[in-house]
1. Would you list 89, 154 from fewest to most Cβ contacts within 10 Å?
2. Quick check for me: using +1 on Lys/Arg Cβ and -1 on Asp/Glu Cβ, what's the dipole size of the stretch 15-187 about its Cα centre, in debye to the nearest 20?
3. Hey, in the GNM for the chain with a 10 angstrom Cα cutoff, which one of 133, 55, 146 fluctuates hardest?
4. Among 183, 67, 118, which one shows the highest mean-square fluctuation when the chain is modelled as a Gaussian network with alpha-carbon springs under 10 Å?
5. Take every Cα pair under 8 Å in the chain that's 6+ residues apart, average their separations, divide by the length, and report that relative contact order as a whole percent.
Amino acid sequence: MNQSLGSQQPGGANPAALPFKGLALGVLAMAVIVAASNYLVQFPINDWLTWGAVSYPFAFLVTDLMNRWLGPAAARKVIYVGFAFAVALSLLLATPRIALASGSAFLAAQLLDVYVFNRLRRTSWWRAPLISSTLASALDTALFFSLAFAGSGLPWVTWGYGDFAAKMGMALFMLVPFRALMNVIQATEAEPADA
């Protein structure tokens with residue numbers, strides 16, 4: 001059974017155009033978020049947090065929106081294509097070690113997010129994005145900070161704790177735009193095609 005909102009909105013806009021536009025928007029958003037986060041992670045806010053911790057959780061919002069709207073297969077497409085663009089951009093904006101650590105952590109965490117979200121999609125609207133983001137954030141943080149900074153002499157363990165705490169705060173905060181954007185997507189799909 002297709003779980004995308006498009007299949008639940010009869011009489012909506014052109015069904016072929018919406019998924020393509022959604023995928024393109026998702027890929028663009030993912031590439032920008034990850035590349036920006038890989039650049040920003042190089043700049044500490046304080047002793048336990050970097051600016052990347054503020055921007056990166058938006059990647060989970062994109063993945064969860066794609067998963068809820070277009071289903072897990074489309075979410076994985078956004079992850080794979082966004083991953084390729086993001087790693088390429090990150091090689092220009094960050095060190096190769098950060099780019100490779102980010103790519104590895106991103107791919108593992110985002111695929112976990114899709115899997116967990118999809119398993120929970122029929123529960124309360126907030127459970128799937130919150131639980132999947134929590135588990136995926138833990139994996140992402142552990143992989144990224146150990147691969148990017150272990151042995152560097154930088155306080156990467158402290159940054160990892162701060163990063164995970166920020167991701168948890170952002171995961172709670174992201175429930176608001178998740179719900180609002182899902183309402184916008186549903187309204188857009190319900191509009192007549194000639195509107």
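1. 154, 89
2. Values: 11 positive and 5 negative charges, 127 e Å.
Computed charge dipole of the stretch 15-187: roughly 600 debye.
3. Greatest mean-square fluctuation among the candidates belongs to 146.
4. Looking only at 183, 67, 118, the largest GNM fluctuation is found for 183.
5. Numbers: 283 pairs, mean separation 57.1, N = 195.
Worked out over the chain, it gives 29 percent.
No value in this document is a laboratory result; all are computed from the given coordinates. Everything numeric here is computed off the predicted structure, so don't read it as measured data. As a convention, Cβ positions derive from the backbone with ideal geometry for all residues, glycine included, and neighbour counts pool all protein chains shown.
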